[in-house]
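The values are calculated or read from the model by the stated rules, or taken from the named source; none is laboratory data. All values reported here derive from a predicted model rather than from experimental measurement. Ideal geometry is used to build each Cβ from the backbone, glycine not excepted, and the neighbour counts take in all protein chains shown.
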Ligand code: SF4
Ligand code: SF4
Ligand SMILES: [Zn+2]
């Protein structure tokens, strides 16, 4: 809803600028042409935009709750938390891409890239981004990285498993975002590893099957590469849903979480049981994907009354 337009106090009275209250010309909008008033107009437009986005997000979340609140509560009860307030929970995006054995050319392209960056790491003269030998004093970049690689509770992965890795689609073309620096860091932690052993370590974590069109490490339950072996961006990046779950884990505490991954276009499929969600719980006993739970029907649109 946009802000109300200024109205003349009586018929025939001049329209007034919303900022300085000076008279407006026929071609002015609701602010006059003075730079200060135009700046004020831009600020108000930006504030309106933020408010509208927040209102749209709140409305979308209310619909999401109406459709998935019951399955979320059921999954929480199965995860040992009959009261939803006592367990970290939330939403995530949901992708419905199949998981399949990777085509040969995808594996070959990844192997080529991996061999290249491993060779660069082991070749001091051939590494344009610099070789940091494990025998040198501790590399400050590595020390900084090592201090910040998140040591997170596995419960936080409930968001990414429900989502199935929306953000990891970017890792397909980027070959898991691995760089010579990633390999250097691995070698800092495994100083005795030979080039062949480093390659084998990375190849050994490839899942049998990956999400079609996504990163090679994107398996059916999320990333299969241990955090310490991932590229920096994969450790740094957290979407707003994962951040929200992290905040709830912080508040509620505990070692479990329940998340509904919900397709962005679920509202186009209003019927009960529409297959556009994935409910996941993570507890110390492991991951459970609650495929049997059904999405509710779309609630009536209050604007239609
Ligand atoms: S970080 Fe967010 S977008 Fe990426 S996989 Fe996890 S939940 Fe999905
Ligand atoms: S390495 Fe893991 S976190 Fe990074 S893009 Fe690939 S699947 Fe996602
Ligand atoms: Zn003005």
Exercise. Return the pairs, sorted by first residue and then second, in which the second residue is modelled with pLDDT under 90 and exposed (fewer than 13 other Cβ atoms within 10 Å of the Cβ), the first residue lies in the stretch 53-71 and is at negative phi, the beta carbons are less than 6 Å apart, and the residues are 6+ apart or on different chains.
Key: 66/299
Exercise. Give the number of residues within the stretch 235-256 that are buried (at least 22 other Cβ atoms within 10 Å of the Cβ) and within 11 Å of ligand 1 (Cβ to nearest atom).
Key: 1
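Are any of the residues in the stretch 41-49 under 30 Å from residue 259 (Cβ atoms), loosely packed, with under 15 Cβ neighbours inside 10 Å and out of contact with any strand residue (DSSP E or B) (no Cβ under 6 Å at 6 or more places or on another chain)?
Going residue by residue through the stretch 41-49, those that are under 30 Å from residue 259 (Cβ atoms) are 49.
Filter once more, so that each one left must be loosely packed, with under 15 Cβ neighbours inside 10 Å: 49.
In the following step, the residues that additionally are out of contact with any strand residue (DSSP E or B) (no Cβ under 6 Å at 6 or more places or on another chain) were identified as 49.
Yes, the stretch 41-49 has at least one match.
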Exercise. Just give me the residues in the stretch 267-297 being buried (at least 19 other Cβ atoms within 10 Å of the Cβ), touching a helix residue (DSSP H, G or I) at 6+ places or on another chain (Cβ under 7 Å) and outside any loop (DSSP other than H, G, I, E, B), in sequence order.
Key: 277, 278, 279, 280, 281, 282
Self-check item: Residue list for the stretch 100-119, restricted to those being outside any helix (DSSP H, G or I) and buried (at least 16 other Cβ atoms within 10 Å of the Cβ)
Solution: 102
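Yes or no, residue by residue, for (1) within 30 Å of residue 271 (Cβ to Cβ); (2) within 16 Å of ligand 1 (Cβ to nearest atom); (3) touching a helix residue (DSSP H, G or I) at 6+ places or on another chain (Cβ under 7 Å); (4) modelled with pLDDT under 90:
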| position | (1), (2), (3), (4) |
| --- | --- |
| 3 | no, no, yes, yes |
| 15 | no, no, no, yes |
| 32 | no, no, no, no |
| 35 | no, no, no, no |
| 43 | no, no, no, no |
| 68 | yes, yes, no, no |
| 78 | yes, no, no, no |
| 84 | yes, no, yes, no |
Self-check item: Residue that is modelled with pLDDT of 85 or more and more than 21 Å from the chain's Cα centre (by Cα), where the choices are 303, 297, 231
Solution: 297
Quiz item: If you take the residues in the stretch 191-211 that are touching a residue at least 40 places away in the same chain (Cβ under 8 Å) and surrounded by fewer than 16 Cβ atoms within 10 Å (Cβ to Cβ), which one is farthest from residue 113 (Cα to Cα)?
Solution: 191
Self-check item: Scope the stretch 212-232; condition closer than 20 Å to residue 169 by Cβ and in a loop (DSSP other than H, G, I, E, B); matching residues
Solution: 212, 213, 214, 215, 216, 217, 220, 221, 224, 225, 230, 231
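Determine whether residue 261 is modelled with pLDDT under 90 and surrounded by 15 or more Cβ atoms within 10 Å (Cβ to Cβ). Explain how you work it out, then say what you get.
Numbers: modelled with pLDDT under 90: no; surrounded by 15 or more Cβ atoms within 10 Å (Cβ to Cβ): yes.
Against the criterion (modelled with pLDDT under 90 and surrounded by 15 or more Cβ atoms within 10 Å (Cβ to Cβ)), residue 261 does not qualify.
Going through the stretch 75-87 one residue at a time, which ones are assigned to a helix (DSSP H, G or I) and surrounded by fewer than 19 Cβ atoms within 10 Å (Cβ to Cβ)? Don't jump to the end; show me each part of the working.
First pass over the stretch 75-87, keeping only residues assigned to a helix (DSSP H, G or I): 75-78, 84-86.
If the condition is that a residue be assigned to a helix (DSSP H, G or I) and surrounded by fewer than 19 Cβ atoms within 10 Å (Cβ to Cβ), then 77, 78, 84, 85, 86 are the ones that fit.
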Self-check item: Extreme residue, nearest to residue 276 (Cα to Cα), among residues of the stretch 120-173 that are surrounded by 17 or more Cβ atoms within 10 Å (Cβ to Cβ), out of contact with any helix residue (DSSP H, G or I) (no Cβ under 7 Å at 6 or more places or on another chain) and at pLDDT below 85
Solution: 164
Quiz item: Going by the structure shown, is residue 300 free of Cβ contacts under 8 Å to residues at least 12 places away in the same chain, surrounded by fewer than 16 Cβ atoms within 10 Å (Cβ to Cβ) and not in a helix (DSSP H, G or I)?
Solution: yes
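How many residues are away from ligand 1 (no atom under 16 Å from the Cβ) and either assigned to a helix (DSSP H, G or I) or under 30 Å from residue 240 (Cβ atoms) (or both) when one looks only at the stretch 174-211?
Matching residues across the stretch 174-211 total 26.
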Exercise. Starting from the stretch 228-245, keep only residues that are closer than 19 Å to residue 186 by Cβ, then list their pairs with residues that are within 16 Å of ligand 3 (Cβ to nearest atom) whose Cβ atoms are within a distance under 6 Å, requiring at least 6 positions of separation or different chains.
Key: none
